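Some notes on the structure that comes next.
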Amino acid sequence: MESTHKDILKNHKLSLTAVRLAILDALETKPHSDAEQLFKLVKHKISTTSKQAIVSGGDKLVHWSGDIIL
């Protein structure tokens, strides 16, 4: 059974935030995106997001990037 993005965040004891979920969705479709590209992709889903939210949300995800998350 494949893990959902919510399961992935829960398994790594990370808060389920709309930005983190949107980042994971964006990385699933564009896996080699940089922060600017992620911001543009997430901004389409969450119009009120900021670059700082992407950086902060992404920093938490990087800490466990050694795991296969997608």
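The values are calculated or read from the model by the stated rules, or taken from the named source; none is laboratory data. From a predicted model like this one, the values you see are computed outputs, not experimental measurements. Positions of Cβ are backbone-derived with ideal geometry, glycine not excepted, and every protein chain shown enters the neighbour counts.
A compact table of results
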quantity	calculated
Options K40, K45, K51: the member that is touching a Phe, Trp or Tyr at 6+ places or on another chain (Cβ under 6 Å), at pLDDT 90 or above and not hydroxyl-bearing (S, T, Y)	K51
Helices (runs of 4 or more DSSP H) completely within segment 17-66 that count 3 or more residues being surrounded by fewer than 13 Cβ atoms within 10 Å (Cβ to Cβ)	35-45, 51-62
Residue ID - modelled with the lowest pLDDT, chosen from residues in segment 1-16 that are in a loop (DSSP other than H, G, I, E, B) and closer than 14 Å to G57 by Cα	H12
